[in-house]
1. Read through the list (1) farther than 18 Å from A:Q115 by Cβ; (2) free of Cβ contacts under 8 Å to residues at least 24 places away in the same chain, then give the number of the only condition that B:V37 fails.
2. When the residues of segment A:102-150 are narrowed to those that are closer than 18 Å to A:R221 by Cα and acidic (D, E), which ends up surrounded by the most Cβ atoms within 10 Å (Cβ to Cβ)?
3. Please give the number of the condition B:D139 fails out of (1) over 19 Å from the mean Cα position of the chain (by Cα); (2) over 30 Å from B:E307 (Cα atoms); (3) within 14 Å of another protein chain (Cβ to nearest Cβ).
4. Taking the criterion of being within 26 Å of A:A184 (Cβ to Cβ) and of a type in the set (D, E, K, R), would at least one residue in segment A:110-121 satisfy it?
5. Specify the residue that is nearest to the other protein chains (Cβ to nearest Cβ); the eligible residues are those in segment B:20-41 that are under 17 Å from B:A52 (Cα atoms) and near DNA strand C (Cβ under 7 Å from one of its atoms).
6. Hey, any hits in segment B:61-70 for a residue that's more than 30 Å from A:H73 (Cα to Cα) and within 13 Å of DNA strand C (Cβ to nearest atom)?
7. Being closer than 20 Å to B:Y318 by Cβ, of a type in the set (A, V, I, L, M, F, W, C) and surrounded by 19 or more Cβ atoms within 10 Å (Cβ to Cβ), is that true of even one residue in segment B:167-186?
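The values are calculated or read from the model by the stated rules, or taken from the named source; none is laboratory data. Keep in mind the model is a prediction, meaning the values are calculated, not measured. Counting neighbours? That spans all protein chains shown, and the Cβs are built from the backbone with ideal geometry, glycine included.
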There are 2 protein chains.
Amino acid sequence: MPKTIYDIAQAAGVSIATVSRVFNNKGQVKKSTRDKVLTLADEMGYHPQVFAQGLARKKKNSIMMFVPIMSNHFFMEILGAIQDKLSAKNFELNIVHVMANGDAFDQVEYQLKRQWADGYIFVSLHFSNSQWKSFERFDVPISVIDDSYHGFDSVAVDNVEGSFLATNYFIRKGYTRIANLTAAPTAIPVKERLKGYEKALEKASIPLDKTLIKRGDDMSRDGFTEKSGYEAMKKILDIKPLPEACICASDIKAIGALKAMEEKGVSIPLISYDNLTIAKYVGLSTVHQPMYEMGTRATESLLARIEKPTLSPSKTIYNPELIIRSSSELMSLYQPFK
Amino acid sequence: MPKTIYDIAQAAGVSIATVSRVFNNKGQVKKSTRDKVLTLADEMGYHPQVFAQGLARKKKNSIMMFVPIMSNHFFMEILGAIQDKLSAKNFELNIVHVMANGDAFDQVEYQLKRQWADGYIFVSLHFSNSQWKSFERFDVPISVIDDSYHGFDSVAVDNVEGSFLATNYFIRKGYTRIANLTAAPTAIPVKERLKGYEKALEKASIPLDKTLIKRGDDMSRDGFTEKSGYEAMKKILDIKPLPEACICASDIKAIGALKAMEEKGVSIPLISYDNLTIAKYVGLSTVHQPMYEMGTRATESLLARIEKPTLSPSKTIYNPELIIRSSSELMSLYQPFK
DNA sequence: TTTTTTTATGTAATCTTTTGCTGTTTTTGG
DNA sequence: CCAAAAACAGCAAAAGATTACATAAAAAAA
């Protein structure tokens, strides 16, 4: 039998308005009354119900986050950042796992309609321009991470640049035959990373050799799997003569790729992407994305917009950072912890 | 200007009761009326508001999860499991990060008072018996993971057994001087794992040598850090003669321990605990806990109790599994992917 | 002491839905 | 064709808060 504001009001011999004022620190309440209400509430275990408050105030103090994948480190970092910011501001976080089956658009739209939250964060969700546009009609604060749309606040990392950095690192070492172990060509980050690779080659006047670009057959998770990395690297190792170096679309794929190299007893310098925790332990040279910062920034702009909805949308682009460990160096395998 | 049930009712020329019935598939509504309402609602972008529904129905279709640490794999797996089960049943998930600063008890109690959810899942949160008991007064469905209390449904893994398995593995190899790299002695899982170690020694009639039990100085996160693993292993390597083998309280700590061994150029067989993703890549022998299953089970029993609050509390204990990779074998370091 | 101002509290409308009850239609069966 | 049953839809009372407005009491100013 949960207590309501009426129970407390009755017990304290005051009206519900007074009880409400006490809990909201609003208006004037005599100290003695206030104390009585608070004591009673504590004894009876009362606190205003969120759902009733949400309805009456038209404000829920809750934000909702959409993510397509929960089991990766990229998401974890962002989640941590969002949580940290949110709990400092006394907001609750609702996580919705957008399932691969079923239309992502529909799932998101459904939640927006229901008005669960005061604001929404989209993580790694990619929509067409017209789809993004249609979210505008809900007229609700939205921040997007890892994609962008001019109508909403967005935070992303420059994928072209990241891949450019990696490729360029090899070019400066004098390599010209640089393989590219890539993923699903339909995925936006994949396209961008491919572009960075091409750009670096072009800048160095190295002709693009499409036979050096390989992907695995496993296309689950847009090809971001260990298995597909393994498959792709096998194809790369069949190229004759062997490429001098290789850039790779993700750390996870790189793990598979390393395995393939080990099996063949060959090793070519490799740089991957993401800088997951594993990367450090395996000694993977990789492109780091400031995920925690991205999460923080996205949450900040969301909260700011909740306060002041007229702010004009901001677009933040972070620069990736190349982290050199052992995997990019010659004969470097099997030296973890460097 | 979000639409309400009144707008739709007016537009369709019916009462709000009818609109409500349409959306709830409850009571009788003529097909033509139903279609009209649905079409109009779709056009006008209407859907019942969760907060108003929650209030009217006294049911929120939402569960809340409390976690002390978000950035580890243990949590991730469980989160994934909970999400999968929940979205199948159309429940929303709310995650509350219980902060280390401030009293965990207070933070949880606060949320329970506010009645955010229909049910609550506690992950890796340890309370005294009287504290657990005091949660009972909210009379709300609760499932606890990684701890247990007789009043609530609980799912845990047998920590004593896990540590016993690991220790026993070494004993059967003929080792008698087995070191124990442990963590904060106040933490419950740590105590239990210590007990399993002692139990295995006792069973084999090996006298307990307390000088073989070491912990690091870094006690953040209850000592479950790479740093504290590194520190503790340094102490172990100072023991003369060197222990023959070592069991370790977590994979994370083991990573630090491996580093310490590498620095000294020594290697003793090691088994750790958790089976995080990294374990596989680094070749760590470790004790696996079926986290996904635990998450699933906890969610199932929670949902069952929401349906039928009178069910008597269940306590599920999973058995851990020893996974042997290379780190437990002699001269085994630096052979990843095995 | 009277008037004015400030403080303290209550009344009642509001937020958006759900749902029990009631009354009217429509359908069914004899 | 009529009575009984079933289908359909509306009214109004919840659900548990917040808050604008009004008013009574207390404090300050005159």
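1. Failed condition: (2).
2. A:D146
3. Just one mismatch for B:D139, condition (2).
4. No, the conditions are met nowhere in segment A:110-121.
5. Only one residue tops the list, namely B:F23.
6. no
7. Among the residues of segment B:167-186, not one is closer than 20 Å to B:Y318 by Cβ, of a type in the set (A, V, I, L, M, F, W, C) and surrounded by 19 or more Cβ atoms within 10 Å (Cβ to Cβ), which makes the answer no.
To keep it simple, each residue is scored yes or no on (1) out of contact with any helix residue (DSSP H, G or I) (no Cβ under 8 Å at 6 or more places or on another chain); (2) within 14 Å of chain A (Cβ to nearest Cβ); (3) outside any loop (DSSP other than H, G, I, E, B); (4) at pLDDT 90 or above.
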site: B:E202; (1), (2), (3), (4): yes, no, yes, yes
site: B:A232; (1), (2), (3), (4): no, no, yes, yes
site: B:A257; (1), (2), (3), (4): no, yes, yes, yes
site: B:I278; (1), (2), (3), (4): no, yes, yes, no
